[in-house]
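Notes follow once the structure below has been shown.
The values are calculated or read from the model by the stated rules, or taken from the named source; none is laboratory data. Note that this is a predicted model, so its numbers are computed, not measured. For neighbour counting, all protein chains shown are included, and Cβ atoms are generated from backbone atoms with ideal geometry for every residue, glycine included.
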Amino acid sequence: MIKMKNSQIMLFNSENFKKFYNDSERRFPIADAFKLEEILSLISDKIQIHKKLLQEIFKKYNAFNEEGKLDMSRVKDTTEIDKEINELNEIEVEIKADPIEIKENWPDISMVEISILKYIIK
């Protein structure tokens with residue numbers, strides 16, 4: 001079982017991680033690639049839930065302009081919205097999978113990528 005806070009899960013939605021994930025030049029061993037894909041699929045589900053709840057918070061505080069874009073200047077007092085966003089980010093969620101072990105035959109992984117992957121590796 002992998003446990004992470006929502007704020008940590010959202011790292012898997014970052015541009016750095018998307019670049020890592022979409023790099024077709026990296027070749028992982030088949031079993032590890034399958035395991036990674038399985039874990040990342042479960043994380044993706046959690047990301048969607050987080051995004052949905054975040055949108056609800058923004059709507060509650062009327063933080064979207066007429067074009068539907070986020071505009072925090074519309075929120076007169078950000079104390080409450082900040083509190084709710086922080087509360088959402090601090091929720092610990094469980095990913096029903098075991099962490100994966102990095103092996104010697106993995107492709108090179110940068111420090112930035114490791115800083116994200118550390119939550120799902122042994």
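Numbers for the structure displayed
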| quantity | calculated |
| --- | --- |
| Selection count, the range 50-72, where residues are exposed (fewer than 14 other Cβ atoms within 10 Å of the Cβ) and under 15 Å from the mean Cα position of the chain (by Cα) | 2 |
| Selection within the range 73-97 - surrounded by 11 or more Cβ atoms within 10 Å (Cβ to Cβ) and more than 22 Å from LEU11 (Cα to Cα) | ARG74, VAL75, THR78, GLU80 |
| Qualifying residue in the range 80-97 (condition: under 20 Å from SER41 (Cα atoms) and more than 15 Å from the chain's Cα centre (by Cα)) | yes |
| Matching residues in the range 17-44 - criterion: being surrounded by 12 or more Cβ atoms within 10 Å (Cβ to Cβ) and under 23 Å from GLU92 (Cβ atoms) | PHE17, LYS35, LEU36, GLU38, ILE39, LEU40, LEU42, ILE43, SER44 |
| Single condition SER115 does not satisfy, out of (1) closer than 24 Å to ALA31 by Cβ; (2) at pLDDT 90 or above; (3) of a type in the set (Gly, Ala, Ser) | (1) |
